[in-house]
Amino acid sequence: MSALLETASLLADRINALEESSTLAMTKKARELAAQGHKVISLSVGEPDFKTPAHICEAAKKAIDDGFHGYSPVAGYPDLRKAIADKFKRDNNIDWKPENIVVSTGAKHSLANVIQVLVNPGDEVIIFSPYWVSYSEMVKLAEGKSVVVDGTFENDFKVTPEQFEAAITDRTKVVMFASPNNPTGSVYSEAELRAIGEVVARHENVFVLADEIYEYINFTPEGHFSIGSIPAIADRVITVNGVAKGFAMTGWRIGFIGAAKWIADGVEKLQGQVTSGTNSIAQKATVAALTGDMQPTYDMGKAYERRRDLVVKLLQDVPGFKVNVPQGAFYAFPDVSYYYGKSDGTITINDSDDFVGWLLNSVYVSTVAGSGFGAPNCIRISTAAADEALAEAIQRIKDAVATLK
Ligand code: PMP
Ligand code: GLU
């Protein structure tokens, strides 16, 4: 046995069973190729290319000067929990008090916490697919069973209430989805969410984990609707959000939940043993983000919408690609399966993993395979990049696929 195999076998089974995050793995590969001097265009990680607005940075500097250097309460500073409760009322029409809020180290951490707190081994978690890569792995870590329900391309990748209800069993504990969605950019309308809410209302043991991290990047005239605002099910909806996307604060690592107090208390208890309260300076900056001027957030949303238009137009021009029109977030998710089975003379493309690996190594454009998102016919392209980089990347993709026979 090689040394590598021996040490891998010493890792706990839960880690050996876990997939590596494909978004982060592709980003790492792109960085490595760039470090070797290649002109890589990295459209793999979903991360705003804007800087955090100045007034938020100022609040962080002030927090340092004012001496917020110690541990914060585990669930977050009281002023931040109040700002989040006020934000839920203002933007989402959700009535939570500060005691219903827990602040964590990114929305990713918030989601993982809730799953750990609610899911017992063998419990089923319905995941609307395509879904963000980490959902199924978080469920696996809790020894739950993912039940993936596919939204079809024809229905803009959205799951219908009928499909959802058909997937519910007496082991179903949670249903989880993101709207606006990563990777598809699809947005569930108020009517669609109300219809899903009616299904939830009929199944009183089912909880909803609503991931609203892309709330402010929504191009629909109707705007964002929160399923947690439906009174009949409000105590069974856990709304997750954060500042990473809307305020260009990915590195600050702040996420939060609004949930029934017993769930919030469970998350606080878990967090108290695993991470403690999150970064004190970032919490103070988040108070400024949530209570301050929203104009930079709206301006960034407009920029993403313009890029969406550009990218969709260019992708529609790539022979063989099938392209939906994202209504939010900052991703395009073309179906590229037309090219499966084709070859450039040396390499044959059999699936989305082959496709993105080949694109990266041949034309240095980094994207993410649809396989990790539950959609093996697609690839994900982040549109959070400068217009010139997006145009250049899609031209390289177009030239590359022209060599496939
Ligand atoms: N949910 C979705 C759908 C995401 O795309 C992301 C992006 N990382 C997250 C949650 C986590 O966000 P954060 O950076 O706040 O952990
Ligand atoms: N949410 C982003 C993405 O999907 C960030 C990377 C990650 O945490 O997966 O690319």
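Brief remarks on what is shown
- Any hit, the stretch 163-172, residues being open to solvent by less than 60 Å² (accessible area, probe 1.4 Å) and either within 16 Å of ligand 1 (Cβ to nearest atom) or in contact with a Ser or Thr (Cβ under 9 Å, 6 or more places away or on another chain) (or both): no
- Any hit, the stretch 353-367, residues being assigned to a strand (DSSP E or B) and under 18 Å from residue 30 (Cα atoms): yes
- Within the stretch 23-118, helices (runs of 4 or more DSSP H) holding 3 or more residues that are more than 16 Å from ligand 1 (Cβ to nearest atom) and not small (Gly, Ala, Ser): 54-65, 78-92
- Selection from the stretch 164-199 of residues that are in contact with a helix residue (DSSP H, G or I) (Cβ under 6 Å, 6 or more places away or on another chain) and of a type in the set (Gly, Ala, Ser): 195, 197
- Taken together, 293, 309 contain a single residue that is surrounded by fewer than 21 Cβ atoms within 10 Å (Cβ to Cβ) and more than 15 Å from residue 243 (Cβ to Cβ), which is 309.
- Of the candidates 268, 222, 212, the single residue that is within 26 Å of residue 308 (Cβ to Cβ), more than 15 Å from ligand 1 (Cβ to nearest atom) and touching a residue at least 12 places away in the same chain (Cβ under 8 Å) is 222.
- Identity of the residue in the stretch 326-337, of a type in the set (Gly, Ala, Ser) and outside any loop (DSSP other than H, G, I, E, B), that ends up nearest to residue 383 (Cα to Cα): 332
- From the options 400, 389, 375, residue that is modelled with pLDDT of 95 or more, under 20 Å from the mean Cα position of the chain (by Cα) and not β-branched (Val, Ile, Thr): 375
- Contact map, the stretch 51-63: residues that are open to solvent by less than 60 Å² (accessible area, probe 1.4 Å) paired with residues that are of a type in the set (Asp, Glu), Cβ distance under 8 Å, separation 6+ or inter-chain. Pairs shown: 53/293.
- Filter result for residue 146 (within 22 Å of residue 18 (Cα to Cα), of a type in the set (Gly, Ala, Ser) and within 16 Å of ligand 2 (Cβ to nearest atom)): no
- Residue identified as open to solvent by less than 70 Å² (accessible area, probe 1.4 Å) and within 16 Å of ligand 2 (Cβ to nearest atom) among 25, 12, 34, 8: 25
To keep it simple, each residue is scored yes or no on (1) without any contact (Cβ under 8 Å) to a residue 60 or more places away in the chain; (2) closer than 21 Å to residue 149 by Cβ; (3) open to solvent by 50 Å² or more (accessible area, probe 1.4 Å).
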{"residue": "79", "(1), (2), (3)": "no, no, yes"}
{"residue": "83", "(1), (2), (3)": "no, no, no"}
{"residue": "90", "(1), (2), (3)": "yes, no, yes"}
{"residue": "97", "(1), (2), (3)": "yes, no, yes"}
{"residue": "111", "(1), (2), (3)": "no, yes, no"}
{"residue": "116", "(1), (2), (3)": "no, no, yes"}
{"residue": "122", "(1), (2), (3)": "yes, yes, no"}
{"residue": "133", "(1), (2), (3)": "no, yes, no"}
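The values are calculated or read from the model by the stated rules, or taken from the named source; none is laboratory data. Remember, it's a predicted structure, so these values are computed and weren't measured experimentally. Reconstructed Cβ throughout: ideal geometry from the backbone, glycine too, with neighbour counts over all protein chains shown. Keep in mind that these areas ignore ligands, DNA and RNA; they rest on the heavy atoms of the full protein, side chains included. Shrake-Rupley method; radii C 1.70, N 1.55, O 1.52, S 1.80 Å.
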